[in-house]
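Here the structure is laid out as structure tokens; the discussion comes afterwards.
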Amino acid sequence: MKINRLGIVAISLAAMGALTLSGCAAGTEKAAAPKGDSKAIITTNGSEPQNPLIPTNTAETGGGKVVTSVFAGLVSYTAKGELENEVAKSIESDDAQNWTVTLEDGWKFSNDEPVTAKSFVDAWNYGALFSNAQGSSYFFDDIAGFSYDADSELTGLKVVDEKTFTVELVAPEADWPLRLGYSAYSPLPEVAFEDMAAFGENPIGNGPYMLKGEGAWEHDVKIDLVTNPAYDGVRKPANGGLSIVFYDSQDAAYADVQGGNLDVLDAIPDAAFETYESDFPERSVNQPAAVFQALNMPYYLEHWSGKEGELRRAAISMSINRDEITDVIFQGTRTPATDFTSPVIDGYSDKLKGADVLEYNKKEAKKLWAEADAIAPYTGTFDIAYNSDGGHQAWVDAVANSIKNTLGIKAVGKAYPTFAAALDDRDAKKLTGATRAGWQADYPSLFNFLAPLYQTGAGSNKEGYSSKEFDRLLKEGAAASSVEEATAKYQEAQEVLLKDLPTLPLWYSNVTGVWAETVDNVVFGWDSVPMYTDITKK
Amino acid sequence: MLWYTGKRLLQMIPVFFGATFLIYFMVFSLPGDPIAALYGDRTPSPGVIAQIRAQYYLDQPLLVQYFHYMVGFFQGDLGTTYSGRPVSEVMASAFPVTARLAMLALIFEAFAGVLVGLIAGLRKGKLFDASALVVSLLLISVPTFVIGFVLQFVFGVQLGWARTTVSGEAPLNELILPALVLASVSFAYIVRLTRASVSDNLNADFVRTATAKGLSRPRVVTVHVLRNSLVPVVTFLGVDLGSLMVGAIVTEGIFNINGVGGTVYKAIKLGEGPTVVSFIAVMVVIFVLANLLVDLLYAALDPRIRYAK
């Protein structure tokens, strides 16, 4: 096997040499960077999609990887999270509430059906319909006609002609187009509506890749994608396809990259944190990603509301040594938090007013805690709930220790066997202390980090935070006429959060990954997923 | 003999019902709402969750859920996973892979274990015996995942002799390394069992008689010593077949094998009742059958054991 591989390298080197020579002989062409084989299949890691591959019912990373590769929405995101038009020619509005979407000509699904305004309107209506029970239905809740508890048509969507449709939102939203690159907004071909379950097994999309024939999805094993010849958008693949191999353990995937069976791995197992840079010199990545992690502190507990609560929240936050924990426990694969969003999002700031509450400050923490004790003395143990099946124990213990050593109170981790069990107590408002919480953005916007988590009554606002000022600022930000103005409002809203501290920001998860010698141009996107279409294979 | 076998097979019926119900009860008692947890931090609307719960009867009491499962079971429908795949399909892909892996491991541990144990027993106190004891002690005391990772790194990454993980179709040649890892601990036990049993039997009266009759050494060893020494080994192998089929989670994880252990583990974590129960039901049947087979083999190996009415 070893010899075989050497042989292949030798042959490809010889071939490359020949190419270079002929290039020189021609003399006119510029010496381009060694280009990859446009037929080569890139192998990468993934996990078995949790649901059939229907864009509006795919919210987890396993299925998300496939759906974003197989479908193209109105827009897509660059590696930095900037918008680029895909199917859309323009998305325009005068009042940020009534939008007109015009589609580019020539787009087709891989079954040759043209992509029309109807493909979008029908797909969004399907995703939003109550009885279709789609996990991402809430993404459409800002379109007129949406209902959370009964079947109703999205009356805000109107097909004008083959290539144009209009959208009426419930309220103005200046950065509404920002979210349209999320996979839930993909168009669907007509064949999908005949039998959605069957379609989910063999989805037909308009994206850069398509499934390699019937049965390309081998359940629990892998899914094979090949380039879609009908695709002519901004994500044109530089390779011949993508084979997403499903792994239950990142250790196995890491061994496979080392053993030459896998080209790109978008995660590094804990055990390899210390060695990945020497295992893969110049072929690894460790950069901040759009993942925010924090400790949520419920308001229904004694000592944690009102003026006393405000003091205690700040004291706890200042007693956590984020720098040391990200360094020692995570080997630098987390970045200490300075706001409630992420450094990869446009509008991120490390200079928010009141952000010093996120810095380790032993003296101030003790002082604030003592002030709170003067209001009502604190007794008992401070616990941090986490699910023990997710590898959280080490950092939770470290945070608890940091609090214990700073404030001199009893602080411990409280393990739940599964995520479901922890969620149950959070939903039932039965927590006895703080709980770990995390959020990964669906689309690159400040709004997506704030509204679902802290707005009064929002779906993921499980600890029941409610602030009129925050809600007002969020609403103003959404209705702002320019992105700059919106960003200013969202930052102001975060300053409210820094004062109230419904959650104690901890750190941003970095995206970590390694790749084999055989591939080039591996760049990781803002959403922690490699830009697969750009990868070339030698 | 036939009557005995029939009786044992009939006993499987209450065992089957009891085991499935118990498992269903245990999965039912797992804390938390499995559907809400499926979506992680991105909570779908409560209406969506309620509809999905109803679809899987999760809003019903335990007995109703079990009843629905059993009605489906006798119509050949084992229910679906939360991703909508029929459980029967999941089983059809997981069991053959694990069966191949377990069989390879069993063959390896049986042949190599008995051979090494026999030689060690015959040469008690010699160098071979001492090394066999040391190696088996090492294999028993080092956890499987250590052996797994080391072999994977050495043979897969450094030497490149074997594929680091097993590909989807799980062909036999790729399963050799995982099977060695899986068999390692049982191999050590079998070496020790065989060795002890052989060295006991060497001093037994019937061996002295056989030797005194003038039988050749090979015939004494194979027919008289070995055959009688195999009774405890066979018992162990029978029980081990069961645990190899179900307990390969660690090995399957290291080599990314899509087998029974990993599937059940994931299903338990997701709280997927029908999947867990269906898999465990098959495991129970395998266990019972393996034990029956062992009991029948006793009679074949030891003429003193007979199953009458």
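In the range A:186-207, is there at least one residue being in contact (Cβ under 8 Å) with a residue 40 or more places away in the chain, buried (at least 21 other Cβ atoms within 10 Å of the Cβ) and closer than 30 Å to A:Y490 by Cβ?
As a first pass, look at the range A:186-207 and keep what is in contact (Cβ under 8 Å) with a residue 40 or more places away in the chain: A:186-193, A:196-197, A:199-201, A:203-207.
After this cut, where a residue has to be buried (at least 21 other Cβ atoms within 10 Å of the Cβ) as well, the list is A:186-189, A:192, A:200, A:203, A:205-207.
Now drop any that are not closer than 30 Å to A:Y490 by Cβ, which leaves A:186-187.
The answer is yes; a qualifying residue exists.
Looking at the range B:19-131, what helices (runs of 4 or more DSSP H) fall wholly within it and have at least 3 residues that are surrounded by fewer than 15 Cβ atoms within 10 Å (Cβ to Cβ) and out of contact with any helix residue (DSSP H, G or I) (no Cβ under 7 Å at 6 or more places or on another chain)?
Fully inside the range B:19-131 and qualifying: B:46-55, B:62-74, B:87-122.
Restricting to the range B:244-274, name every residue that is more than 20 Å from B:P178 (Cα to Cα), at the interface with another protein chain (Cβ under 8 Å from one of its Cβ atoms) and part of a loop (DSSP other than H, G, I, E, B).
B:G271
Having 2 or more residues that are outside the structural domain of A:L474 (by TED's automatic domain parsing) is the bar; report the helices (runs of 4 or more DSSP H) wholly within the range A:274-373 that clear it.
Values: elements: A:276-279, A:306-318, A:322-328.
It comes to A:276-279.
Of (1) within 14 Å of chain B (Cβ to nearest Cβ); (2) of a type outside the set (D, E); (3) surrounded by 20 or more Cβ atoms within 10 Å (Cβ to Cβ), A:A216 satisfies all except one. Which?
(3) is the only condition that A:A216 fails.
Inspect all residues belonging to the range B:81-89 and state whether any of them is among the aliphatic types (A, V, I, L, M) and at pLDDT 85 or above.
There is at least one residue in the range B:81-89 that is among the aliphatic types (A, V, I, L, M) and at pLDDT 85 or above.
Of the conditions (1) over 28 Å from the mean Cα position of the chain (by Cα); (2) not in a loop (DSSP other than H, G, I, E, B); (3) not basic (K, R), A:Y378 fails just one. Which one is it?
Here A:Y378 meets the rest and fails (2).
Tally time: how many residues in the range A:410-426 are within 11 Å of chain B (Cβ to nearest Cβ) and over 23 Å from the mean Cα position of the chain (by Cα)? Write out each step before concluding.
Start the filter on the range A:410-426 by keeping residues that are within 11 Å of chain B (Cβ to nearest Cβ), which leaves A:416-426.
Still in the running and over 23 Å from the mean Cα position of the chain (by Cα): A:416-417, A:421, A:424-425.
The total comes to 5.
Pick from B:V181, B:V134, B:V191: which is in contact with a helix residue (DSSP H, G or I) (Cβ under 6 Å, 6 or more places away or on another chain), over 27 Å from A:D248 (Cα atoms) and among the hydrophobic types (A, V, I, L, M, F, W, C)?
Of B:V181, B:V134, B:V191, the one residue that is in contact with a helix residue (DSSP H, G or I) (Cβ under 6 Å, 6 or more places away or on another chain), over 27 Å from A:D248 (Cα atoms) and among the hydrophobic types (A, V, I, L, M, F, W, C) is B:V191.
To keep it simple, each residue is scored yes or no on (1) in contact (Cβ under 8 Å) with a residue 40 or more places away in the chain; (2) under 25 Å from A:P203 (Cα atoms); (3) within 14 Å of chain B (Cβ to nearest Cβ).
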position	(1), (2), (3)
A:N111	yes, yes, no
A:V115	yes, yes, no
A:N125	no, yes, no
A:S147	no, no, yes
A:K158	no, no, no
A:T164	yes, yes, no
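Please find, within the range A:33-63, the residue that is nearest to the chain's Cα centre (by Cα) out of those that are part of a helix (DSSP H, G or I) and within 11 Å of chain B (Cβ to nearest Cβ).
A:T61
Yes/no matrix, rows are residues, columns are (1) away from every other protein chain (no Cβ under 14 Å); (2) hydrophobic (A, V, I, L, M, F, W, C):
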| residue | (1), (2) |
| --- | --- |
| A:G457 | no, no |
| A:E463 | no, no |
| A:S467 | yes, no |
| A:L474 | yes, yes |
| A:S482 | yes, no |
| A:E492 | yes, no |
| A:E495 | yes, no |
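Please work out if B:A162 is on the phi > 0 side of the Ramachandran plot, within 14 Å of chain A (Cβ to nearest Cβ), surrounded by 14 or more Cβ atoms within 10 Å (Cβ to Cβ) and not in a helix (DSSP H, G or I). First the steps, then the outcome.
On the way: on the phi > 0 side of the Ramachandran plot: no; within 14 Å of chain A (Cβ to nearest Cβ): yes; surrounded by 14 or more Cβ atoms within 10 Å (Cβ to Cβ): yes; not in a helix (DSSP H, G or I): yes.
For B:A162, the condition - on the phi > 0 side of the Ramachandran plot, within 14 Å of chain A (Cβ to nearest Cβ), surrounded by 14 or more Cβ atoms within 10 Å (Cβ to Cβ) and not in a helix (DSSP H, G or I) - is not met.
Considering only residues that are in a helix (DSSP H, G or I) and either within 34 Å of the chain's Cα centre (by Cα) or closer than 22 Å to B:A132 by Cβ (or both), which ones fall in the range B:195-218? Reasoning before the result, please.
Initial filter on the range B:195-218 (in a helix (DSSP H, G or I)): B:195-202, B:205-212, B:217-218.
Answer for the range B:195-218, where residues must be in a helix (DSSP H, G or I) and either within 34 Å of the chain's Cα centre (by Cα) or closer than 22 Å to B:A132 by Cβ (or both): B:R195, B:A196, B:S197, B:V198, B:S199, B:D200, B:N201, B:L202, B:V207, B:R217, B:P218.
The values are calculated or read from the model by the stated rules, or taken from the named source; none is laboratory data. Just so you know, these numbers come straight off a predicted model, no measurement behind them. Note that we place each Cβ from the backbone using ideal geometry, even for glycine, and neighbour counts take in every protein chain shown.
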